[in-house]
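Everything on this sheet refers to the single structure shown next.
The numbers here are math on the coordinates, done by the rules we state, and not lab data. Bear in mind that the values here come from a model prediction, so they are computed numbers and not experimental data. Counting neighbours? That spans all protein chains shown, and the Cβs are built from the backbone with ideal geometry, glycine included.
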Amino acid sequence: MKIAILGTGMVGKTLGTKLVACGHEVRMGARDAANEAAAAWAASAGSRASTGTFADASAFGEVVFLCVLGEVATKVVEAAREGLAGKILVDLTNPLDFSEGMPPKLFTSGSDSLGKRVQAAAPEARVVKALNTVSCNVMIDPASVPGDHGLFVCGDDADAKARVLSLLREDFGWRVIHDLGPLAMARCTEGYLPLWVSLYGLMGTDRFNVAVQKGG
Ligand SMILES: NC(=O)c1ccc[n+]([C@@H]2O[C@H](COP(=O)([O-])OP(=O)(O)OC[C@H]3O[C@@H](n4cnc5c(N)ncnc54)[C@H](OP(=O)(O)O)[C@@H]3O)[C@@H](O)[C@H]2O)c1
């Protein structure tokens, strides 16, 4: 499959490398087509990896992963909007505000969420919120954390969500995935992030996750 990664940070590089290793063609997008981090990633990832602008990448991918700084997520989606029409857009971003120290605040509130803003920035895209509650190392290697820990997914398009669930299971190896329903639930998964950051401090590793256990 042709996959786009919007973002050259550690999430974009980690996902991109894994997806190339799974046999996909992956194009990484950045503000500048000559972005050095993207070029270095493509050189190390092999012949199925390529680079371009955010717009180039979104035009290329059948599925697009949004892996940019939360503050600029809607701006990046607007830049990539034309290529996103009808596409599955997996939103991994978090609305974190570190301006008042740790743990971070969210820059969204009430019923607002970054998932909702991303969908509004590209109304023709089929947004699925996923993977934002675990570190990128756990995203692509859930077995590195023992137990039946799970992932949370939400989105308004049932077919898009089913295709993302399939990719998460088959390519990344996720066994437990909680489908929370509509994209409006993005505010709930994003709201977990200040706790995730606090747990990261306690754990001393990013390889941890939560498990939802049900009583009898
Ligand atoms: N780190 C994790 O393990 C983890 C886990 C779950 C979710 N997340 C979420 O994943 C997202 C990506 O995290 P990350 O640490 O990999 O990367 P990041 O440093 O948050 O973002 C890097 C990307 O943001 C773009 N960017 C920065 N400033 C910009 C601006 N003014 N205009 C347009 N684009 C701009 C960069 O573009 P250029 O390439 O052009 O420089 C780059 O592609 C975040 O929202 C984060 O909350 C991270």
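Please go through segment 32-51 and give me each residue that is within 19 Å of A73 (Cα to Cα) and out of contact with any helix residue (DSSP H, G or I) (no Cβ under 7 Å at 6 or more places or on another chain), ordered by number.
Result: D32, N35, A37, A38.
Looking at L84, is it touching a strand residue (DSSP E or B) at 6+ places or on another chain (Cβ under 7 Å), surrounded by 20 or more Cβ atoms within 10 Å (Cβ to Cβ), under 20 Å from L193 (Cβ atoms) and not acidic (D, E)?
No: the conditions fail for L84.
Pick from segment 1-22 the residues that are within 12 Å of the ligand (Cβ to nearest atom) and polar (S, T, N, Q): which of them is surrounded by the most Cβ atoms within 10 Å (Cβ to Cβ)?
Looking at the filtered set, the residue picked out is T8.
A quick yes/no check of all residues on (1) small (G, A, S); (2) surrounded by fewer than 22 Cβ atoms within 10 Å (Cβ to Cβ):
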| residue | (1), (2) |
| --- | --- |
| G101 | yes, yes |
| D112 | no, yes |
| G115 | yes, no |
| D141 | no, yes |
| C154 | no, no |
| H178 | no, yes |
| P182 | no, yes |
| T189 | no, no |
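Could we say that E170 is surrounded by fewer than 18 Cβ atoms within 10 Å (Cβ to Cβ), within 28 Å of V72 (Cβ to Cβ) and away from the ligand (no atom under 16 Å from the Cβ) here?
Here the answer is no, as E170 does not meet what is asked.
Return the pairs, sorted by first residue and then second, in which the second residue is among the basic types (K, R), the first residue lies in segment 148-167 and is under 12 Å from V63 (Cβ atoms), the beta carbons are less than 7 Å apart, and the residues are 6+ apart or on different chains.
Pairs found: A160/R126.
If a residue must be closer than 17 Å to M10 by Cβ, touching a residue at least 60 places away in the same chain (Cβ under 8 Å) and part of a loop (DSSP other than H, G, I, E, B), how many such residues does segment 87-103 contain?
Of the residues in segment 87-103, 2 are closer than 17 Å to M10 by Cβ, touching a residue at least 60 places away in the same chain (Cβ under 8 Å) and part of a loop (DSSP other than H, G, I, E, B).
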